[in-house]
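Accompanying notes for the structure given below.
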Amino acid sequence: MREMKSVNRMKMDIRTIIYLVLLVCILSVSAYSLKIGSIRIYEFMFFVIGSIIFIIWNLKDRIKSIKDNIKSVVETAEKAEKAGEWKKALQAYDELVTARPNHFKSIIRRAECIKHLNGYREAMHEFKLIIEQFPKEAEAHFMLGICYFEGRLTEEAMDCFETALNLDPKFVEVYPYMGDIHKLNRNIDKALEYYEIYIQKGSDKKTVKAVEKKIQGIKKQ
């Protein structure tokens, strides 16, 4: 994963570390001076409070800068995804995952970019790693299920979709795929059942229309 300037800006830089070290030194010297009696208590408090305010003020600017940079990279990644520029989106998500290693949305979106660029086989490995890190995230199981489905491993795919539903009963995106699996297995009644559930509960208009066409196609046979 290559280093990029925006990654360095998002990570705690050397200036922030210097501020923290400076604060520790100030407190240590002030406490020692108070102990040996070279300064009075009110002088000590004034000195320490002033130093803390100065350092906090600078840290606040750094935190704001970090947040602004993260927001900018997120916008870049999302725009690239919408435009189908998967390589550019992957680079942006690489930056975000470097800056926030435990941020699930960035990690799962990065794996999706890999799927679009390199196919389901490589992405399957990525989603398995994500599930190890986030075993209770329904979307991770769902995405692994899609990879299995594209590889015609329908039993494994169904297990993943069922796991996603168990983790989140409102994760309706699994129903069209579950319907497709039953259709492949010539269990038409069950396929129609899952398609109908998505028609009732699904919110993505494009997917709803696609499912409606599948239902019409089955009924015409």
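Read-outs throughout are calculated quantities, based only on the coordinates presented, and are distinct from any laboratory measurement. Given the structure is predicted, the values throughout are model-derived calculations rather than measurements. For neighbour counting, all protein chains shown are included, and Cβ atoms are generated from backbone atoms with ideal geometry for every residue, glycine included.
Please work out which residue is surrounded by the fewest Cβ atoms within 10 Å (Cβ to Cβ), limiting yourself to the stretch 175-221 and to residues that are in a helix (DSSP H, G or I) and of a type in the set (Gly, Ala, Ser).
Here the residue is Gly217.
Kindly provide the set of residues from the stretch 73-114 that are more than 26 Å from His141 (Cβ to Cβ) and either surrounded by fewer than 18 Cβ atoms within 10 Å (Cβ to Cβ) or of a type in the set (Val, Ile, Thr) (or both), ordered by number.
Val73, Glu75, Thr76, Lys79, Ala83, Glu85, Lys87, Lys88
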